[in-house]
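The next block holds one structure in the form of C-alpha coordinates; read it before the comments.
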Amino acid sequence: MSTYAWIILCSFLGPLILSFDKKVAFYRHWKSVSVAILIVALPFIFWDELFTQWGVWGFTEQYLLGIYFGNLPLEEVLFFFVVPYNCVFIYEVLVAYFKGISLPNFSRVFYLIFGCLAIYNSVINWDGLYTFYASIFAALFSFAAFFSKSYWLQYFTLTYLVALIPFIIVNGILTGAVTSKPIVWYNENEIIGLRIKTIPYEDLFYNFDLIFLVILIHQILRYKPIPGQSTQKYPKDRSNSNYTNIEKSLN
(Lines give C-alpha, C1' and ligand atoms only; values in the text may rest on other atoms or scores of the structure.)
Protein backbone atom coordinates (compact mmCIF):
# COMPACT_ATOMS: atom_id res chain seq x y z
CA MET A 1 0.00 0.00 0.00
CA SER A 2 1.24 3.49 -0.78
CA THR A 3 2.46 6.05 1.76
CA TYR A 4 -0.46 8.37 0.98
CA ALA A 5 -2.93 5.49 1.39
CA TRP A 6 -1.43 4.57 4.78
CA ILE A 7 -1.84 8.17 5.93
CA ILE A 8 -5.49 8.21 4.89
CA LEU A 9 -6.20 4.83 6.50
CA CYS A 10 -4.46 5.61 9.80
CA SER A 11 -6.18 8.98 10.14
CA PHE A 12 -9.57 7.33 9.53
CA LEU A 13 -9.32 4.31 11.86
CA GLY A 14 -9.47 6.21 15.16
CA PRO A 15 -12.63 8.24 14.43
CA LEU A 16 -14.27 5.19 12.80
CA ILE A 17 -13.73 2.97 15.86
CA LEU A 18 -14.73 5.72 18.29
CA SER A 19 -17.90 6.37 16.28
CA PHE A 20 -19.52 3.68 18.43
CA ASP A 21 -18.79 5.45 21.72
CA LYS A 22 -22.09 5.37 23.63
CA LYS A 23 -22.14 9.03 24.59
CA VAL A 24 -21.30 10.34 21.13
CA ALA A 25 -23.02 7.57 19.11
CA PHE A 26 -21.66 9.10 15.94
CA TYR A 27 -22.84 6.13 13.90
CA ARG A 28 -26.39 7.45 14.33
CA HIS A 29 -25.43 10.46 12.22
CA TRP A 30 -23.87 8.50 9.37
CA LYS A 31 -26.77 9.26 7.01
CA SER A 32 -26.55 13.06 7.35
CA VAL A 33 -22.75 12.92 7.44
CA SER A 34 -22.59 10.84 4.26
CA VAL A 35 -24.94 13.14 2.36
CA ALA A 36 -23.09 16.26 3.55
CA ILE A 37 -19.70 14.84 2.62
CA LEU A 38 -20.87 13.77 -0.83
CA ILE A 39 -22.45 17.15 -1.60
CA VAL A 40 -19.26 19.00 -0.64
CA ALA A 41 -16.79 16.44 -2.03
CA LEU A 42 -18.03 16.78 -5.61
CA PRO A 43 -17.20 20.49 -6.11
CA PHE A 44 -13.97 20.17 -4.13
CA ILE A 45 -12.82 17.23 -6.25
CA PHE A 46 -13.66 19.26 -9.37
CA TRP A 47 -11.65 22.18 -7.92
CA ASP A 48 -8.78 19.79 -7.14
CA GLU A 49 -8.84 18.35 -10.65
CA LEU A 50 -8.71 21.80 -12.27
CA PHE A 51 -5.83 22.98 -10.08
CA THR A 52 -3.94 19.77 -10.78
CA GLN A 53 -4.41 20.28 -14.53
CA TRP A 54 -3.22 23.89 -14.19
CA GLY A 55 -0.15 22.90 -12.18
CA VAL A 56 -1.18 24.69 -8.99
CA TRP A 57 -0.31 21.51 -7.12
CA GLY A 58 0.56 17.92 -7.94
CA PHE A 59 1.55 14.53 -6.52
CA THR A 60 4.78 12.53 -6.31
CA GLU A 61 4.15 9.16 -7.96
CA GLN A 62 6.47 7.11 -5.74
CA TYR A 63 4.09 7.63 -2.79
CA LEU A 64 0.91 6.67 -4.68
CA LEU A 65 -0.94 3.46 -5.59
CA GLY A 66 -1.05 4.49 -9.25
CA ILE A 67 -4.84 4.48 -9.53
CA TYR A 68 -6.15 7.73 -10.98
CA PHE A 69 -9.48 9.44 -11.56
CA GLY A 70 -8.64 11.97 -14.21
CA ASN A 71 -5.49 13.59 -12.88
CA LEU A 72 -6.24 12.80 -9.24
CA PRO A 73 -4.81 9.77 -7.47
CA LEU A 74 -7.29 7.57 -5.60
CA GLU A 75 -5.77 8.66 -2.29
CA GLU A 76 -6.51 12.31 -3.04
CA VAL A 77 -10.14 11.53 -3.84
CA LEU A 78 -10.46 9.60 -0.56
CA PHE A 79 -9.04 12.63 1.25
CA PHE A 80 -12.30 14.50 0.59
CA PHE A 81 -14.30 11.77 2.30
CA VAL A 82 -12.04 10.84 5.20
CA VAL A 83 -10.97 14.30 6.41
CA PRO A 84 -14.54 15.70 6.54
CA TYR A 85 -15.72 12.53 8.33
CA ASN A 86 -13.02 12.99 10.96
CA CYS A 87 -13.87 16.67 11.44
CA VAL A 88 -17.61 16.09 11.80
CA PHE A 89 -16.71 13.40 14.33
CA ILE A 90 -14.75 15.98 16.33
CA TYR A 91 -17.73 18.33 16.10
CA GLU A 92 -20.12 15.70 17.47
CA VAL A 93 -17.70 14.78 20.26
CA LEU A 94 -17.62 18.42 21.37
CA VAL A 95 -21.42 18.60 21.19
CA ALA A 96 -21.77 15.44 23.29
CA TYR A 97 -19.18 16.23 25.96
CA PHE A 98 -19.58 20.02 26.24
CA LYS A 99 -23.33 20.60 26.26
CA GLY A 100 -24.68 24.11 26.53
CA ILE A 101 -21.36 25.75 25.75
CA SER A 102 -21.49 29.53 25.49
CA LEU A 103 -18.64 31.29 23.70
CA PRO A 104 -20.41 33.85 21.50
CA ASN A 105 -17.84 36.64 21.89
CA PHE A 106 -14.88 34.33 21.35
CA SER A 107 -16.45 32.90 18.21
CA ARG A 108 -17.34 36.31 16.78
CA VAL A 109 -13.81 37.60 17.36
CA PHE A 110 -12.40 34.47 15.74
CA TYR A 111 -14.58 34.82 12.63
CA LEU A 112 -13.84 38.53 12.34
CA ILE A 113 -10.06 38.06 12.56
CA PHE A 114 -10.07 35.00 10.31
CA GLY A 115 -12.24 36.75 7.73
CA CYS A 116 -10.00 39.84 7.71
CA LEU A 117 -6.90 37.67 7.29
CA ALA A 118 -8.59 35.91 4.38
CA ILE A 119 -9.40 39.24 2.70
CA TYR A 120 -5.82 40.40 3.24
CA ASN A 121 -4.49 37.20 1.64
CA SER A 122 -6.68 37.60 -1.44
CA VAL A 123 -5.59 41.22 -1.88
CA ILE A 124 -1.81 40.76 -1.51
CA ASN A 125 -1.73 37.66 -3.73
CA TRP A 126 -4.80 38.11 -5.92
CA ASP A 127 -3.04 36.53 -8.91
CA GLY A 128 -2.11 33.39 -6.95
CA LEU A 129 -4.87 30.93 -7.79
CA TYR A 130 -4.68 28.91 -4.59
CA THR A 131 -4.29 31.93 -2.32
CA PHE A 132 -7.12 33.88 -3.90
CA TYR A 133 -9.79 31.19 -4.12
CA ALA A 134 -9.10 29.49 -0.78
CA SER A 135 -9.05 32.88 0.96
CA ILE A 136 -12.02 34.53 -0.73
CA PHE A 137 -14.33 31.62 0.13
CA ALA A 138 -13.00 31.57 3.69
CA ALA A 139 -13.73 35.30 3.97
CA LEU A 140 -17.32 34.83 2.76
CA PHE A 141 -17.98 31.99 5.20
CA SER A 142 -16.28 33.79 8.09
CA PHE A 143 -18.27 37.00 7.70
CA ALA A 144 -21.49 35.02 7.27
CA ALA A 145 -20.69 33.25 10.55
CA PHE A 146 -19.79 36.56 12.21
CA PHE A 147 -23.22 38.05 11.50
CA SER A 148 -25.13 34.83 12.21
CA LYS A 149 -26.52 34.00 15.66
CA SER A 150 -26.70 30.27 15.02
CA TYR A 151 -25.58 28.44 18.11
CA TRP A 152 -23.82 25.60 16.25
CA LEU A 153 -21.18 28.04 15.00
CA GLN A 154 -19.71 28.21 18.50
CA TYR A 155 -19.09 24.47 18.30
CA PHE A 156 -17.69 24.87 14.82
CA THR A 157 -15.13 27.39 16.11
CA LEU A 158 -13.86 24.84 18.63
CA THR A 159 -13.99 22.06 16.04
CA TYR A 160 -11.78 24.00 13.65
CA LEU A 161 -9.26 24.85 16.38
CA VAL A 162 -9.13 21.29 17.76
CA ALA A 163 -8.83 19.88 14.22
CA LEU A 164 -5.69 21.97 13.70
CA ILE A 165 -3.75 19.37 15.70
CA PRO A 166 -4.39 16.38 13.38
CA PHE A 167 -4.38 18.82 10.44
CA ILE A 168 -0.79 19.88 11.15
CA ILE A 169 0.31 16.27 11.61
CA VAL A 170 -1.37 14.87 8.47
CA ASN A 171 -0.69 17.84 6.21
CA GLY A 172 2.85 18.05 7.49
CA ILE A 173 3.48 14.47 6.38
CA LEU A 174 1.77 15.07 3.03
CA THR A 175 3.85 18.17 2.30
CA GLY A 176 7.22 16.58 3.02
CA ALA A 177 7.90 16.92 6.75
CA VAL A 178 9.04 13.28 7.03
CA THR A 179 9.63 12.23 3.41
CA SER A 180 12.48 13.02 1.04
CA LYS A 181 9.99 14.56 -1.40
CA PRO A 182 6.54 16.02 -0.67
CA ILE A 183 3.67 13.65 -1.38
CA VAL A 184 1.65 16.71 -2.39
CA TRP A 185 3.65 19.60 -3.85
CA TYR A 186 2.60 23.19 -4.49
CA ASN A 187 3.53 25.66 -7.20
CA GLU A 188 5.29 28.51 -5.42
CA ASN A 189 3.90 30.98 -7.96
CA GLU A 190 0.35 30.26 -6.79
CA ILE A 191 0.85 30.71 -3.03
CA ILE A 192 2.08 33.46 -0.73
CA GLY A 193 5.06 31.39 0.38
CA LEU A 194 4.43 31.37 4.13
CA ARG A 195 4.53 27.86 5.59
CA ILE A 196 3.86 26.11 8.87
CA LYS A 197 6.95 23.90 8.72
CA THR A 198 6.18 22.43 5.27
CA ILE A 199 2.44 23.25 5.13
CA PRO A 200 1.41 26.16 2.88
CA TYR A 201 -0.31 28.90 4.88
CA GLU A 202 -3.26 28.76 2.47
CA ASP A 203 -4.12 25.24 3.65
CA LEU A 204 -5.53 26.79 6.84
CA PHE A 205 -8.18 28.56 4.77
CA TYR A 206 -8.79 25.69 2.36
CA ASN A 207 -9.35 23.37 5.32
CA PHE A 208 -11.75 25.92 6.83
CA ASP A 209 -13.78 26.03 3.60
CA LEU A 210 -14.06 22.26 3.42
CA ILE A 211 -15.01 21.69 7.06
CA PHE A 212 -17.39 24.65 7.25
CA LEU A 213 -19.51 23.50 4.32
CA VAL A 214 -19.66 19.87 5.44
CA ILE A 215 -20.69 20.72 9.00
CA LEU A 216 -23.18 23.34 7.79
CA ILE A 217 -24.97 20.79 5.61
CA HIS A 218 -24.69 18.08 8.27
CA GLN A 219 -26.18 20.48 10.82
CA ILE A 220 -29.13 21.27 8.58
CA LEU A 221 -29.81 17.61 7.80
CA ARG A 222 -29.25 16.57 11.40
CA TYR A 223 -32.25 18.62 12.56
CA LYS A 224 -34.51 18.11 9.59
CA PRO A 225 -37.99 17.16 10.89
CA ILE A 226 -38.94 13.53 10.38
CA PRO A 227 -42.71 12.99 9.83
CA GLY A 228 -44.25 11.12 12.74
CA GLN A 229 -41.27 11.63 15.03
CA SER A 230 -40.51 14.33 17.56
CA THR A 231 -37.80 16.81 16.61
CA GLN A 232 -34.52 16.50 18.47
CA LYS A 233 -33.74 19.69 20.38
CA TYR A 234 -30.25 21.17 20.56
CA PRO A 235 -28.90 22.22 22.94
CA LYS A 236 -30.89 20.64 25.76
CA ASP A 237 -30.43 23.80 27.78
CA ARG A 238 -33.25 25.83 26.17
CA SER A 239 -32.49 28.80 28.41
CA ASN A 240 -29.40 29.54 26.34
CA SER A 241 -29.99 32.78 24.46
CA ASN A 242 -27.97 31.54 21.50
CA TYR A 243 -30.50 28.93 20.50
CA THR A 244 -29.96 28.30 16.77
CA ASN A 245 -32.08 29.76 14.02
CA ILE A 246 -32.40 26.27 12.60
CA GLU A 247 -33.83 24.90 15.85
CA LYS A 248 -36.19 27.85 16.24
CA SER A 249 -37.67 27.08 12.84
CA LEU A 250 -38.44 23.54 13.98
CA ASN A 251 -40.34 24.54 17.15
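Among the residues of region 210-227, write down those that are exposed (fewer than 15 other Cβ atoms within 10 Å of the Cβ) and not in a loop (DSSP other than H, G, I, E, B). Break it down into steps so the answer makes sense when it comes.
Residues of region 210-227 exposed (fewer than 15 other Cβ atoms within 10 Å of the Cβ): 220, 224-227.
The answer is I220, and nothing else.
Based on what the data block shows, is I113 among the β-branched types (V, I, T), surrounded by fewer than 14 Cβ atoms within 10 Å (Cβ to Cβ) and either under 30 Å from G193 (Cβ atoms) or over 16 Å from the mean Cα position of the chain (by Cα) (or both)? Steps first, answer last, please.
On the way: among the β-branched types (V, I, T): yes; surrounded by fewer than 14 Cβ atoms within 10 Å (Cβ to Cβ): yes; either under 30 Å from G193 (Cβ atoms) or over 16 Å from the mean Cα position of the chain (by Cα) (or both): yes.
Yes, satisfied.
Kindly indicate whether P235 is of a type outside the set (D, E), in contact with a helix residue (DSSP H, G or I) (Cβ under 9 Å, 6 or more places away or on another chain), surrounded by 18 or more Cβ atoms within 10 Å (Cβ to Cβ) and modelled with pLDDT under 95. Walk me through it before giving the result.
Details: of a type outside the set (D, E): yes; in contact with a helix residue (DSSP H, G or I) (Cβ under 9 Å, 6 or more places away or on another chain): yes; surrounded by 18 or more Cβ atoms within 10 Å (Cβ to Cβ): yes; modelled with pLDDT under 95: yes.
Here the answer is yes, as P235 does meet what is asked.
Any residue at all in region 34-54 that's within 19 Å of P166 (Cβ to Cβ), among the acidic types (D, E), surrounded by 13 or more Cβ atoms within 10 Å (Cβ to Cβ) and over 16 Å from the mean Cα position of the chain (by Cα)?
No: zero hits.
I'm trying to understand the selection: among the residues of region 109-147, which are within 20 Å of L158 (Cβ to Cβ) and out of contact with any helix residue (DSSP H, G or I) (no Cβ under 6 Å at 6 or more places or on another chain)?
First, the residues of region 109-147 that are within 20 Å of L158 (Cβ to Cβ): 109-115, 117-118, 138, 141-147.
Those that are within 20 Å of L158 (Cβ to Cβ) and out of contact with any helix residue (DSSP H, G or I) (no Cβ under 6 Å at 6 or more places or on another chain): V109, I113, L117, A144, F147.
With β-branched (V, I, T), under 19 Å from I37 (Cα atoms) and assigned to a helix (DSSP H, G or I) as the only criterion, which of I113, I136, I90 stands out?
Details: I113 fails: under 19 Å from I37 (Cα atoms); I136 fails: under 19 Å from I37 (Cα atoms).
The unique qualifying residue is I90.
Quick one: count up the residues across region 116-132 that are more than 23 Å from L161 (Cβ to Cβ) and either not β-branched (V, I, T) or not in a helix (DSSP H, G or I) (or both). Before the answer, list the steps.
The first filter runs over region 116-132 and keeps only residues more than 23 Å from L161 (Cβ to Cβ), leaving 123-129, 132.
So of that shortlist, the ones also either not β-branched (V, I, T) or not in a helix (DSSP H, G or I) (or both) come out as 125-129, 132.
Summing the residues that are more than 23 Å from L161 (Cβ to Cβ) and either not β-branched (V, I, T) or not in a helix (DSSP H, G or I) (or both) in region 116-132 gives 6.
Condition check: of a type in the set (D, E), modelled with pLDDT of 95 or more and either under 15 Å from the mean Cα position of the chain (by Cα) or not in a loop (DSSP other than H, G, I, E, B) (or both). Does E75 satisfy that? Give the derivation first.
On the way: of a type in the set (D, E): yes; modelled with pLDDT of 95 or more: yes; either under 15 Å from the mean Cα position of the chain (by Cα) or not in a loop (DSSP other than H, G, I, E, B) (or both): yes.
Criteria met by E75.
Which condition from (1) of a type in the set (S, T, N, Q); (2) surrounded by fewer than 17 Cβ atoms within 10 Å (Cβ to Cβ); (3) within 22 Å of I215 (Cα to Cα) is the one that S19 breaks?
(2)
Rundown of residues vs (1) assigned to a helix (DSSP H, G or I); (2) in contact (Cβ under 8 Å) with a residue 24 or more places away in the chain; (3) of a type in the set (V, I, T); (4) out of contact with any Phe, Trp or Tyr (no Cβ under 9 Å at 6 or more places or on another chain), yes/no style:
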{"site": "F146", "(1), (2), (3), (4)": "yes, yes, no, no"}
{"site": "Y160", "(1), (2), (3), (4)": "yes, yes, no, no"}
{"site": "I165", "(1), (2), (3), (4)": "yes, no, yes, yes"}
{"site": "N171", "(1), (2), (3), (4)": "yes, yes, no, yes"}
{"site": "G176", "(1), (2), (3), (4)": "no, no, no, no"}
{"site": "G193", "(1), (2), (3), (4)": "no, no, no, no"}
{"site": "F208", "(1), (2), (3), (4)": "yes, yes, no, no"}
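Got a number for residues in region 1-32 being in contact with an Asp or Glu (Cβ under 6 Å, 6 or more places away or on another chain) and farther than 17 Å from E92 by Cβ?
3
Answer yes or no: is there a residue in region 23-37 that is within 16 Å of Y206 (Cα to Cα) and either outside any strand (DSSP E or B) or of a type in the set (F, W, Y) (or both). Even if it seems obvious, please write down each step before you answer.
We begin by selecting, within region 23-37, every residue within 16 Å of Y206 (Cα to Cα); these are 37.
Adding the requirement that they be either outside any strand (DSSP E or B) or of a type in the set (F, W, Y) (or both) leaves 37.
Yes; the residues of region 23-37 include at least one that is within 16 Å of Y206 (Cα to Cα) and either outside any strand (DSSP E or B) or of a type in the set (F, W, Y) (or both).
The values are calculated or read from the model by the stated rules, or taken from the named source; none is laboratory data. Nothing here was measured: the structure is a model prediction, and the numbers come from that model. So basically every Cβ, Gly included, is an ideal-geometry build from the backbone, and we count neighbours across all protein chains shown.
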